[in-house]
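Engineer: Handing you a structure now.
The values are calculated or read from the model by the stated rules, or taken from the named source; none is laboratory data. All values derive from a computational prediction rather than experimental measurement. Backbone-built Cβ (ideal geometry, glycine too); neighbour counts: all protein chains shown. Side chains included, ligands, DNA and RNA excluded: accessible areas come from the protein's heavy atoms. Shrake-Rupley method; radii C 1.70, N 1.55, O 1.52, S 1.80 Å.
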Amino acid sequence: MYAGIGDTVRRKEDVRLISGRGSYSDDFNLPGQVYAAMVRSPHAHARISGIDCAAARALPGVLAVLTGADARADGLNRIPHLAAPGTPPDIVLKNRDGSPVPAAPHHVLPADRVRHVGTAVACVIAETLVAAKDAAEKVLVAYEPLPVVTDPKAAAEPGATRLYDDLPNVMIDAEIGDAAAVDAAFARAAHVTRLDTWLNRVTGVPMEPRSALGVYDAASGRYTLYAGSGGIVRQKREIAQILGVPLDDVRVIAREIGGNFGTRNSFFPEFALVVWGSRKVGRPVKWTAERHEAFVTDYMGRDLTVRAELALDADGRFLALRSSNLSNVGAHSGSYVPLVKGVGLATAGYRIPVSHISARAVLTNTMCTTPYRSAGRPEVIYVIERLIDKAAQEHGFDRVALRRRNLIPPSALPYKNPQGITYDNGTYRAVMERAMELGDWRGFKKRRAEARRRRRLRGIGLCCYLETTGGYPRERADVTVHGNGKVDVVVGTLSSGQSHETTFAQCVAEWLGVPFEDVHVFENDTDIVKEGGGSHSARSMRLAGIVMGNAAEAIIDKGKKIAAHMLEAAEDDIGFAAGRFTVKGTDRAVSIVAVAAVAERNDGAVPEDLRGPLAATSDETIRQLGFPYGAHVCEVEIDPDTGALDLVRYVAVDDVGRAINPMVVHGQTHGGAAQGIGQALWECCTYDADGQLLAASFMDYAMPRADSLPSFTTAISEVPTPTNKLGVRGAGEGGTTGALGAVVNAVVDALAECGVSHIEMPVTPERIWRAIQAGKK
């Protein structure tokens with residue numbers, strides 16, 4: 001079967017998955033394995049004054065009870081989270097006072113103090129899971145409760161409760177832009193619009209709670225971890241650093257990933273505990289989170305407090321943006337990426353001459369926030385899109401006309417925004433117009449009038465978004481063509497639903513001219529995968545496409561040399577197309593598979609330097625951003641008596657540069673939009689003043705459901721980026737990035753006649769009802 005770049009072809013993965021032959025983290029089991037259960041803190045902030053493990057250790061079947069003191073005695077290091085305040089070509093945040101940006105430590109088991117509810121303070125290992133759970137209840141921990149701070153604004157105040165004796169709560173206090181120029185622009189502005197908002201904290205809620213199986217082989221001194229994540233090479237490095245062992249002493253294996261969305265990219269304490277625990281007890285150790293554990297201890301996302309202002313001239317041209325962005329990073333420095341990415345993209349795809357952005361990252365007694373689907377970009381796109389609609393409402397402009405006037409035109413690209421990020425190319429307005437056309441923007445007045453006759457409020461919202469993708473810059477591909485016709489592709493990404501086995505195979509099949517079904521992608525075992533950055537920030541196809549393409553070119557170059565010997569022709573006379581090497585101008589040819597077979601035979605048919613596998617490796621470090629963009633249109637109906645909302649239409653047009661498999665791209669957009677809509681309407685991780693998570697089950701954390709979403713209308717725009725040969729921008733995050741602004745703009749449009757100019761997320765029926773009542777007064 002032929003399937004190349006741009007073809008819609010069914011996913012290779014699906015036959016395995018729908019027939020029950022997939023292997024998720026909890027499906028890994030080994031002979032003689034034992035089970036771990038965690039003892040978790042009920043306090044958000046407390047000193048650990050003592051842990052009595054005697055009763056637990058005395059129970060039948062208990063093999064070990066490990067504490068922070070044991071971890072310290074064994075020399076376990078802190079988790080090496082990637083907590084840099086930005087690396088070029090992204091912006092870099094620097095503290096105003098010149099002090100270095102610190103990172104609050106995260107230990108696998110704390111020995112002295114807990115800083116958020118759910119912190120594991122002991123790990124019980126027993127012959128059965130029941131025995132481990134029973135023993136965990138017997139561990140007596142003496143806590144000395146300390147004052148709790150969960151509000152980032154309160155945590156940033158002088159004299160606030162400090163989470164660490166040797167660190168301030170404010171990890172980053174930076175500014176980007178030209179404050180003086182912004183002040184001057186605001187002084188001469190005809191109109192100013194302001195927005196104070198909070199981007200609600202959410203969590204990924206993957207279908208499969210995280211699970212891990214750890215094995216220590218005493219004979220070789222080697223550790224093996226079986227666990228799903230965002231990237232196995234990163235996990236290998238982090239385990240080696242935590243345990244203080246050579247990199248070669250660690251192996252990580254992952255098969256299917258039961259959902260990620262960024263939630264699984266950072267390292268979790270339990271992954272180190274199972275491999276360390278295996279060394280302590282001499283048996284494989286398995287741990288699987290229960291759903292309530294996942295809610296409390298999965299890394300979370302968003303939680304950004306923003307105060308923003310947009311200055312406009314009398315004609316509606318944007319003059320300046322001023323913004324204060326306060327990121328709640330939680331109890332430990334898991335990542336500053338969302339803050340960094342958001343600041344860099346705050347002006348989005350609009351011509352805004354100057355900006356000044358204050359950026360702060362603050363510690364609180366909550367779970368860490370780390371990159372969650374599109375990390376930082378949905379937040380700032382939401383802010384600018386709400387500002388535009390609010391400016392239109394307050395100052396008498398047409399909201400679409402404002403966007404048309406201020407979107408960056410193709411002629412101005414490449415374009416350097418006032419924060420210093422340079423966009424590549426694109427047709428931002430054309431994508432917006434296409435989304436409005438698909439959403440029947442012109443016909444909305446009739447639909448609104450019809451809704452009024454049914455005593456319903458109907459609104460329509462628009463969001464133009466720009467994304468910036470980046471991620472870990474290094475990627476590697478090893479490609480081998482075998483004499484039996486099979487082609488192996490080893491790459492350092494890790495699919496969690498992005499269809500790599502399909503889309504990567506489409507690329508290699510086209511480049512090498514081999515059948516699609518004969519290309520096999522491997523990215524699941526660090527004994528095979530030597531390098532790579534995993535899957536995040538829409539980097540997989542963009543970077544893997546580069547290194548796979550390089551390797552394919554090297555294979556063709558080597559194949560030409562071999563074919564020249566086989567065909568008794570000069571190398572310069574050999575051409576390659578559709579999987580065949582030919583002598584130019586003749587009908588003499590040999591297939592790439594035949595060339596591979598001759599090279600493999602090692603029988604003297606070709607020179608010694610050409611013998612062996614027909615293979616090539618490409619290992620590249622690519623410090624380059626990608627810029628997907630698009631526009632979403634959302635339409636809602638509201639019952640004014642109850643606040644109940646129906647999402648009746650949703651349109652998304654996304655420019656991904658080049659769609660390798662359009663069906664997969666549409667699927668990514670559908671999933672991303674559902675997550676963004678979920679945050680806008682339902683999802684919220686709420687903590688009370690004592691640091692207790694109030695949404696720690698599906699009873700309290702509302703999720704989008706199929707029956708609460710309409711059929712999406714999605715379209716793909718393809719303007720290839722010049723930054724890579726494939727022209728790929730990335731397709732994994734745009735669906736989420738455009739959703740927040742589109743949904744809330746639609747809701748506010750519906751409620752405008754009630755005097756509502758803004759409403760906070762999640763836009764629940766109660767919030768809507770209260771906004772309507774307040775408008776009546």
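Engineer: So which aspartates and glutamates can Lys777 reach, going by Cα to Cα under 15 Å and dropping same-chain residues fewer than 8 places off?
Structural biologist: Answer for Lys777, where 15 Å is the Cα cut-off: Glu753, listed by chain and number.
Engineer: Could you sort the peptides 18-26, 305-313 by per-residue average Cβ neighbour count (10 Å cutoff), highest mean leading?
Structural biologist: Values: 18-26: 13.7, 305-313: 20.8.
Highest-to-lowest ranking by the protection proxy: 305-313, 18-26.
Engineer: Given a 1.4 Å probe and the protein chains all in place, what does the accessible area of Arg580 round to, in Å² to the nearest 10?
Structural biologist: Using a 1.4 Å probe on the heavy atoms, I get roughly 110 Å².
Engineer: Assign unit charges at the C-beta atoms only (+1 for Lys and Arg, -1 for Asp and Glu), then state the dipole size of the chain relative to its Cα centre in Debye, rounded to the nearest 20.
Structural biologist: With only Lys, Arg, Asp and Glu charged at Cβ, the dipole is about 1640 debye.
Engineer: Compute the distance from the alpha-carbon center of segment 473-547 to that of segment 393-407, in whole Å.
Structural biologist: So the two Cα centres are separated by 45 Å.
Engineer: Another question about this same structure. Please sort 743-750, 552-559 by packing, taking for each peptide the average over its residues of neighbouring beta carbons within 10 angstrom, highest first.
Structural biologist: 743-750, 552-559
Engineer: How would segment 583-664 be classified by its alpha-carbon gyration tensor: rounded, prolate or oblate, with rounded meaning a/c under 1.5 and the a/b versus b/c comparison settling the rest?
Structural biologist: Since a/c reaches 1.5 and a/b is larger than b/c, the shape of segment 583-664 is classed as prolate.
Engineer: Give the accessible surface of segment 626-768 per residue, rounded to a whole number of Å², with probe radius 1.4 Å and ligands, DNA and RNA excluded. Don't skip to the end; give the middle numbers.
Structural biologist: Numbers: 4570 Å² over 143 residues.
Value returned for segment 626-768: 32 Å² of accessible area per residue.
Engineer: What is the packing order of peptides 254-265, 80-91, taking the mean over residues of other C-beta atoms within 10 Å and listing the highest first?
Structural biologist: Taking the mean over residues of other Cβ atoms within 10 Å, the ranking is 254-265, 80-91.
Engineer: Quickly estimate the mean residue ellipticity at 222 nm for the chain, helices only: each DSSP H run with n ≥ 4 gives -39500 (n - 2.57), and the total goes over all residues, rounded to 500.
Structural biologist: -9000 deg cm²/dmol
Engineer: Amide H neighbours of Val121 under 5 Å, at least 5 residues apart or on other chains, H built in the peptide plane: list them.
Structural biologist: Those lying under 5 Å, H to H, from Val121 are Val39, Arg40, Ser41.
Engineer: Let me ask another. Quick one: ranking Arg429, Arg188 by accessible area, 1.4 Å probe, largest first, what do you get?
Structural biologist: Ranking Arg429, Arg188 by accessible area, largest first, yields Arg188, Arg429.
Engineer: How much length is gained if the chain between Asn484 and Arg194 is pulled fully straight, taking 0.36 nm per residue apart and subtracting their Cα-Cα distance, in nm to one decimal?
Structural biologist: So the extension gain works out to 97.8 nm.
Engineer: So, taking all protein chains as they sit and a 1.4 Å probe, how much accessible area belongs to Cys507, in Å² rounded to tens?
Structural biologist: Result for Cys507: roughly 0 Å² accessible.
Engineer: Going by a ≥ b ≥ c, the root eigenvalues of the Cα gyration tensor, does segment 689-775 fall in the rounded group (a/c under 1.5), the prolate group (a/b larger than b/c) or the oblate group?
Structural biologist: Taking the square roots of the gyration eigenvalues as a ≥ b ≥ c, segment 689-775 is prolate.
Engineer: Pull up the cross-link candidates among the lysines for Lys584, meaning alpha carbon to alpha carbon under 20 Å and not fewer than 8 places away within one chain.
Structural biologist: Qualifying lysines at Cα under 20 Å: Lys558, Lys560, Lys561.
Engineer: For segment 175-308, what is the accessible area per residue in Å² when the probe is 1.4 Å? Each step should come with its number before you reach the end.
Structural biologist: Numbers: 4180 Å² over 134 residues.
Solvent-accessible surface per residue comes out at 31 Å².
Engineer: Report, in listed order, any pair from Lys416/Lys445; Lys341/Lys445; Lys138/Lys280; Lys153/Lys776; Lys153/Lys416 with a Cα-Cα distance greater than 29 Å.
Structural biologist: Lys416/Lys445; Lys341/Lys445; Lys153/Lys776; Lys153/Lys416
Engineer: Rounded, prolate or oblate: pick one for the chain, where a ≥ b ≥ c are the square roots of the eigenvalues of its C-alpha gyration tensor, a/c under 1.5 means rounded, and failing that, prolate if a/b is larger than b/c, else oblate.
Structural biologist: oblate
Engineer: What's the center-to-center distance, using Cα atoms, between segment 592-614 and segment 247-301 in Å?
Structural biologist: Measuring centre to centre over Cα atoms gives 43 Å.
Engineer: For the charge dipole of the chain, defined by +1 on Lys and Arg C-beta atoms and -1 on Asp and Glu C-beta atoms about the Cα centroid, which residue among Gly485, His116, Val400 has the Cα displaced farthest towards the positive pole?
Structural biologist: Val400
Engineer: What list of ³J(HN,Hα) values in whole Hz, one per residue of segment 625-638 in order, does the Karplus curve 6.51 cos²θ - 1.76 cosθ + 1.60 (θ = phi - 60°) give from phi, with Gly and Pro shown as x?
Structural biologist: Per residue, the Karplus-derived 3J(HN,Hα) values read 8, x, 9, x, 8, x, 8, 10, 10, 10, 10, 10, 10, 10 Hz.
Engineer: With every protein chain in place, what's the accessible area of Leu693 (1.4 Å probe, Å², nearest 10)?
Structural biologist: Around 20 Å² of this residue is reachable by solvent.
Engineer: Once you charge only the Cβ atoms, +1 for Lys and Arg and -1 for Asp and Glu, what is the size of the charge dipole of segment 220-307 about its Cα centre, to the nearest 20 debye?
Structural biologist: Approximately 160 debye in magnitude.
Engineer: Between segment 706-777 and segment 615-689, what is the separation of their alpha carbon centroids in Å?
Structural biologist: Their Cα centres are 9 Å away from one another.
Engineer: Output wanted: per-residue J couplings in Hz (rounded whole) for segment 333-348, from phi through Karplus 6.51 cos²θ - 1.76 cosθ + 1.60, θ = phi - 60°, x for Gly and Pro.
Structural biologist: 7, x, 5, 9, 4, x, 5, 4, 4, x, 4, x, 10, 4, 8, 6
Engineer: Probe of 1.4 angstrom, ligands and nucleic acids ignored: what's the accessible area per residue over segment 444-574, in square angstrom?
Structural biologist: Solvent-accessible surface per residue comes out at 34 Å².
Engineer: Right, another one. Expressed as a whole percentage, what fraction of the accessible surface of the chain belongs to carbon and sulfur atoms when a 1.4 Å probe is rolled over the protein heavy atoms?
Structural biologist: The value for the chain is 51 percent carbon and sulfur by accessible area.
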